[in-house]
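**Student:** Quick one: the structure is below, questions incoming.
No lab work stands behind these numbers, since they all come straight from the coordinates. Just so it is clear, the structure is predicted and the values come from calculations on it, not from any experiment. Virtual Cβ from ideal backbone geometry, glycine too; neighbours counted across all protein chains shown.
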Amino acid sequence: MVKRQSRIIFKQKLAVAVFGTLTIGIAAYLTWFTIADAPLGEFVEGEHYQLIEKPRRIRSDKIEVMEFFSYACVHCYDFDPLLADWLEDKGDQVNFVPVPAVANDTWRLLGRNFYTLQELGLLDQFHMAFFRAIHESRLVFNSPEKLFDYFSRAGIEDDTYEAAFRSAAINTKLSRADQMARRLKVSGVPSIVIQGKYLVRTTGSIGPKRMLDVMDYLIEKEQGHP
């Protein structure tokens with residue numbers, strides 16, 4: 001009787017072991033199949049980037065790269081030099097369109113400054129310096145007067161800066177920036193929109209450098225590269 005029970009227990013253990021081995025084998029095969037089936041370096045929609053629900057039609061031979069940012073955002077500050085190097089490497093392949101986010105009064109004020117510098121042809125000269133003023137020198141710009149004072153000290157004539165700052169043209173650009181962010185459902189910064197179709201943003205698993213890899217992948221996808 002004891003021997004019979006031992007044989008039964010042995011058979012049960014053997015069956016469990018065989019089942020476990022088969023399960024591990026199937027799981028390993030499925031894992032290998034999935035990896036083998038996904039091309040190296042491919043990114044996944046919904047995980048690494050999002051499809052824009054209502055994409056924009058881009059009429060250009062170049063791929064449009066639109067960045068939504070804010071001078072108040074430290075992640076944008078960290079991303080900016082990486083993006084600048086990336087854009088330099090891309091040469092004439094892309095058309096870069098920076099768009100300030102205007103989600104609140106402070107960001108709107110800083111966005112107005114961005115378009116003012118752009119209007120005056122001074123963006124290249126002051127863009128990174130203004131970022132550093134906020135994130136390194138810890139200057140606070142919460143009123144037009146503080147901006148006027150800062151740029152006056154930097155050498156821009158008061159009347160020139162203020163006239164552009166308060167102009168109807170800048171109001172129009174701010175309104176369009178707000179409409180664009182709403183249309184593309186941009187909810188955070190920094191965010192990148194590729195060719196009006198794909199939204200790339202930082203997440204817990206995608207940092208600034210990884211964003212650039214995803215952007216490269218989507219540009220190659222748009223260009224029809226395998």
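**Student:** Using the alpha-carbon centroid of each, what span in Å lies between region 162-226 and region 103-142?
**Tutor:** 18 Å
**Student:** Could you give me the ³J(HN,Hα) list for region 129-136, computed from phi with Karplus coefficients 6.51, -1.76, 1.60 and θ = phi - 60°, whole Hz, x at Gly and Pro?
**Tutor:** Going residue by residue, I get 4, 5, 4, 5, 4, 7, 9, 10 Hz, with x marking Gly and Pro.
**Student:** I would also like to ask the following. How much length is gained on full extension from Glu45 to Leu87, taking 0.36 nm per residue of separation minus their Cα-Cα distance? Provide the component values of the computation, followed by the final result.
**Tutor:** Details: separation 42, 0.36 × 42 = 15.12 nm, distance 2.35 nm.
Contour length minus Cα-Cα distance gives 12.8 nm.
**Student:** I've got another one for you. Let me spell out the model: positive unit charges on the Cβ of Lys and Arg, negative unit charges on the Cβ of Asp and Glu, origin at the Cα centre of region 50-222. What dipole size does that give, in debye rounded to 20?
**Tutor:** On the way: 23 positive and 25 negative charges, 181 e Å.
Using only the charged Cβ atoms, the result is roughly 860 debye.
**Student:** Okay, moving on. Given region 50-222, what percent of its DSSP beta bridges are antiparallel, to the nearest 5?
**Tutor:** Numbers: 10 of 17 bridges.
Antiparallel bridges make up about 60 percent of those DSSP assigns within region 50-222.
**Student:** Can you list the residues, at least 5 places off or on another chain, whose amide H is less than 5 Å from the amide H of Tyr71, using H built in the peptide plane?
**Tutor:** Distant-sequence amide H within range of Tyr71: zero hits.
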